[in-house]
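One structure below.
The values are calculated or read from the model by the stated rules, or taken from the named source; none is laboratory data. Quantities reported herein were computed from a predicted structural model and do not represent experimental measurements. Every residue, glycine as well, gets a Cβ built from its backbone with ideal geometry; the counts of neighbours run over all protein chains shown.
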Amino acid sequence: MLKAVREDDVLLPLAKEIDQERINRWAELSGDFNRLHVDPDYAMQTPFKGTIAHGPLSLAFLNELMMASFGEVWAESGRLLDVRFLAPVRPGDMIRIGGTVTGFSEEGGKNFVTCDLFVEKDGTKAVVGRGMVPWKGGQP
């Protein structure tokens, strides 16, 4: 967990291998059994040409990154903002989840750290967004 942050600090990235079993476990957890995610034969007939991971699975990875970086304050008051899904995450993808501190702000008498966040596969951004978390730790 970070004790002090500065603008342009890079958050310690995570790496995840995506396979159909992980996608199926997310379907079990979420109750989302959309055939695009869990039925390879059906998904092969769609424009995606195969199954894709649920969008909220990528959001869970961004949450994991922010929890590792900022701890309980993230769980209590952190926010994911401006999330955009740019490319599907598929079985067989090795993804990297990362972020960079982009600034500090004050809102309603509280200090916040803002981070640009991403999920990347093969050097291509699949998901991008921002994280905003209250901050009492060291800063410039």
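Hey, among the residues in the range 69-92 that are farther than 21 Å from ARG22 by Cα and of a type in the set (A, V, I, L, M, F, W, C), which one's surrounded by the fewest Cβ atoms within 10 Å (Cβ to Cβ)? Let's see the steps before the verdict.
First, the residues of the range 69-92 that are farther than 21 Å from ARG22 by Cα: 69-84.
Then keep just the ones that are of a type in the set (A, V, I, L, M, F, W, C); that gives 70, 73-75, 80-81, 83.
On the way: PHE70: 24, VAL73: 17, TRP74: 21, ALA75: 12, LEU80: 14, LEU81: 10, VAL83: 16.
By that ranking, first place goes to LEU81.
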Flag for LEU11 being at pLDDT 95 or above and over 30 Å from LYS136 (Cβ atoms):
no
Looking only at the range 120-138, which residues are closer than 19 Å to LEU57 by Cα, in a strand (DSSP E or B) and either modelled with pLDDT under 95 or not hydrophobic (A, V, I, L, M, F, W, C) (or both)?
GLU120, LYS121, THR124, LYS125, GLY129, ARG130, GLY131
Picking from PHE33, PHE48, which residue would you name as being outside any helix (DSSP H, G or I), over 18 Å from the mean Cα position of the chain (by Cα) and farther than 19 Å from ALA126 by Cα?
PHE33
Give me the pairs: first residue in the range 111-137 and within 19 Å of GLY92 (Cα to Cα) and in contact (Cβ under 8 Å) with a residue 24 or more places away in the chain, second residue surrounded by fewer than 18 Cβ atoms within 10 Å (Cβ to Cβ) and among the aromatic types (Phe, Trp, Tyr), beta-carbon distance under 8 Å, and six or more apart or on different chains, which are they?
ALA126/PHE85; VAL127/PHE85
